[in-house]
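Take a look at the structure below.
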Amino acid sequence: MTLQALSPHSLYTVCECHEFDFKTTADLEPLEVLPGQERALEALRFGAAMPHADYHLFLLGSHGTGRHHAARAVFETEAAERPTPKDWIYVHNFNTPHRPRAIALPPGRGPAFADEMREFIDELTEAIPAALESDQNRARIDAIDQRYRQEQEAAFAQLDAKAKEQGFALTHTQKGIALAPFVNGEVNPKGYEGLGPEETKVLQAKLQALQGDLKEILQHFPAWERARRREQMELHREIVAEAVREPLDAVRAVVMDVPEALRHLNKVRKDLKANFLQLMAQKQQDGADKPPASEPLGTVTGLGRYQVNLLVQHRPESGAPVVEEDNPNLANLLGRAEQVAQMGALVTDFSLIKPGALHRANGGFLILDAAKLFTQPLAWEALKRNLKAEHIVIENPAQTAGLVSTVSLTPDPIPLRVRVALIGSPRLFHLAQQADPDFATLFKVAADFSDTMHRDQASDRIFAQLVARLVREGDLLHFDVDGVARLIEAASRRAADSQKLTLNLQHLYDLVREADFYAREAEAKVVGREHVQAAISARVRRADRIREASHEQILREIMLIDSDGSAVGQVNGLSVLQLGRFSFGKPTRITCNVRPGAGRIIDIEREVKLGGPLHSKGVLILQGFLAGHFLPRHRLSLAASLVFEQSYGGVDGDSASSTELYALLSALSELPLRQDLAITGSVNQKGAVQAIGGVNEKIEGFFDICKARGLTGKQGVMIPAANVTHLMLNEEVVAAAEAGQFHIYPITTIQEGIELLTGVEAGARGEDGDYPPESVFGLVETKLRRYAKADKKEASDEGEAANDKPEEESER
């Protein structure tokens, strides 16, 4: 029975645009949800609404399938229904300066509180000096000074009267207050000069008593001064308290319903009352509120200690936040305490604390790239710790790693309530599950995004609505029905399946924009089929230099590939080369040599470590096929070598296993194989030909060689019958098939393939248990039987030689 080539309409599934009920995408309602992702969206909605803290999400799928867009859309819908989280601020801790206090405020209240505190500080710089320097204050200060001065003068007046009664007077000298005697009614500064001994002795006794009284008065002077300063300081404090009362009440009114903030303001009032002189002196000295390098970290001097560090703020009634962090390192996740250089040292304080993504997303949703998160030092472990503990702790990377033990800021932890969504590949998801037991306990919800969706009339219309949405979002020209149909066909080609459509939205959006570019260049009003085709052709043209160079080597016979004639043990295999986003097919010659041996097929690629495990598996399957089909009662006695000729890179995959088997059967049967056919397909031990990937590129790769050399009408490609549904070949191949110049043959079994390649019947075992002698399998079995006999004879000869050897030695 002659195997029939596929009909041309099987090679490309056209989108029937006449079934559309619109003229351009302007007539369509844009698609609001991602098509074909119902399962993933259901998981997303479940994870977003789940109230328990450990139901975080992992969005797995291929790049470009719209995972970020879907996560943001679902989270924003859920976030709009949630209450707005609180604002968070950090303030100075007056008891322990290196442990700043965190205070939660109602949403929207944080900026108002920070502004009021800033105005309060600004007002202090004017209100306090004005109050202290007021006439009323000066009068009260002078009154205190006058009172103490009068008390001192009264003490001296009393001493002076007593001294005069004793014959002495108080005098003021350069050395201070002194006592001098009266001599002849006048003060004698020279003391007792001119007096007799008895009189001098009496005066000296009196002087000694008076000096004791003077000393007692002088000893009271420091106490009087301290009392005076203390009384003045208390007065100043009362004045300062009165001066700040009204400004502080204005601040208090903003947070009247926040007890923690009110307690902080009370501490501000007490600290200001106790330290206003130092604060004002520091303000005048520095002109700015910066901590000197000599003070401990976290200590803020001056009025700056009263400011508020607004960490996170939210607009009232705005709902929960949705945050996407593109660079999830430790600082960007948990926040950081920045440092500034002062006098050669790095210092910090509570005002330099900066929020992280967890702070901004607290109470809502956080979207992270899993690959970036896992590759950032310390980030994954820190995220786990905070999610488990349900609070945010700002960490110093050096301290977390145990590299330093210096005292630094330790801000208060902030309670955490957030839903985290990691976005990554399926492989990364499964690796994380295996590598870290904590991953599965925290990320319980997997949203699995599909790469493709089923293609039918309904999905074609959905796809058209998706195009309408992309056109509107990008402010592009609208597509007519032919343009949409060509996009759908391109989506099927991208999906490598005529019954599927790709869900790679990035690829589709790029193609839509490129088609818009060519339509505008042609000054078209809408984008048509020709513009989409121009974009596809240009995209291939930009990327196919390596493909052209590869094909040129074949056409110049540098790389040996035959496209006509026949040869024994030689066949054209097909492979796909991937260069970034561009892939192309390349024919490769595969050859086989056989001889008697131990039943082993030598894979030269594996022997030289160029073959991957899947390719080696395919070669081992060939041994299973031979053992199952030939000489069932005997051990195979052959040695065969298989190789990809002129292959200088790695070879993997089993898509050439059927091709290698054809070469092996040809070498054993000594029947030549057609060289105008190229082959792809894997095979199992029973001889069934199985589906492979890249079938379109492989066919087109061999077609390009045949076309360049001239089509003969006999050339073609053998593919697994299971791959027929994947065919979306380019228009040149389809046109050649319609003209009968190129043929695609669907192969189900090795028997079908070998018959097409040799023109000889494969053969089936008869009632006698043997294959027909002239069939392919009959010739193969005959050759294997001959090898077995030769192997048996050789073993017998070796046995006789071994038995004869001792007799010869004994004769000697």
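The values are calculated or read from the model by the stated rules, or taken from the named source; none is laboratory data. All of these numbers come straight from a predicted model, not from anything done at the bench. Don't worry about glycine lacking a Cβ; one is built from the backbone with ideal geometry, like all the others, and counts go over all protein chains shown. Calculation scope for accessible area: heavy atoms of the full protein, side chains included, ligands and nucleic acids excluded. Shrake-Rupley method; radii C 1.70, N 1.55, O 1.52, S 1.80 Å.
General observations
- Of LYS273, LYS783, the order by accessible heavy-atom surface (1.4 Å probe, DNA, RNA and ligands excluded), from most exposed downward, is LYS273, LYS783.
- In order along segment 684-694, the phi-based Karplus estimate (6.51 cos²θ - 1.76 cosθ + 1.60, θ = phi - 60°) of 3J(HN,Hα) comes to 9, 5, 8, x, 7, 8, 10, 5, 9, x, x Hz; Gly and Pro are listed as x.
- In segment 470-540, the GluC sites (Glu not before Pro) that fall in loop regions by DSSP, at most 10 other Cβ within 10 Å: GLU523
- The mean sequence distance of close C-alpha pairs (under 8 Å, at least 6 residues apart), as a share of the length of segment 694-797, puts its relative contact order at 19 percent.
- Equivalent ellipsoid dimensions for segment 7-111 as semi-axes, Å, which come from the Cα gyration tensor, largest first: 50, 18, 13
- FRET efficiency for the ALA253 to GLN578 pair, using the beta carbon distance and R₀ = 60 Å, is estimated at 0.35.
- Under Karplus coefficients 6.51, -1.76 and 1.60, residue-wise ³J(HN,Hα) of segment 438-453 in Hz, glycine/proline x: 5, 4, 5, 6, 9, 9, 8, 10, 9, 9, 9, 8, 7, 8, 9, 9
- Close amide H pairs (under 5 Å, H built 1.01 Å from N) link VAL689 with THR749, ILE750, residues at least 5 positions away or on another chain.
- Among the listed pairs LYS372/LYS617; LYS372/LYS698; LYS444/LYS500; LYS714/LYS783; LYS372/LYS500; LYS86/LYS384, those with a Cα-Cα distance over 28 Å are LYS372/LYS617; LYS372/LYS698; LYS444/LYS500; LYS714/LYS783; LYS372/LYS500.
- On the basis of the beta-carbon distance and an R0 of 25 Å, MET50 and GLU317 show a calculated FRET efficiency of 0.55.
- Under-5 Å amide H pairs with TYR55, H placed in peptide plane, nonlocal only: none
- Couplings for segment 548-559, taken from phi via the Karplus curve 6.51 cos²θ - 1.76 cosθ + 1.60 with θ = phi - 60°, read 4, 5, 5, 5, 5, 4, 6, 5, 8, 6, 7, 9 Hz in order; Gly and Pro are left as x.
- Per-residue SASA entry for PHE94, accessible area with 1.4 Å probe, Å² rounded to 10: 50 Å²
- Net length gained if the chain between ARG118 and LYS525 were fully extended (0.36 nm per residue, minus Cα distance): 140.7 nm
- Two-site FRET efficiency, ALA161 against ARG229, from Cβ-Cβ distance with R₀ of 22 Å, rounded to 0.05: 0.15
- Near LEU505: Cβ cut-off under 13 Å, other residues only, Lys/Arg at +1 and Asp/Glu at -1. The net charge is +1.
- Full-extension gain in nm, ARG269 to ASP544, via 0.36 nm per residue minus C-alpha separation: 91.5 nm
- Contour excess over end-to-end distance, with Cα ends at LYS201 and ASP768 and 0.36 nm allotted per residue: 187.7 nm
- Across segment 303-446, counting alpha-carbon atoms alone, Rg and Dmax equal 16.7, 55 Å.
- Relative packing of peptides 326-337, 731-742 - highest average C-beta neighbours within 10 Å first: 326-337, 731-742
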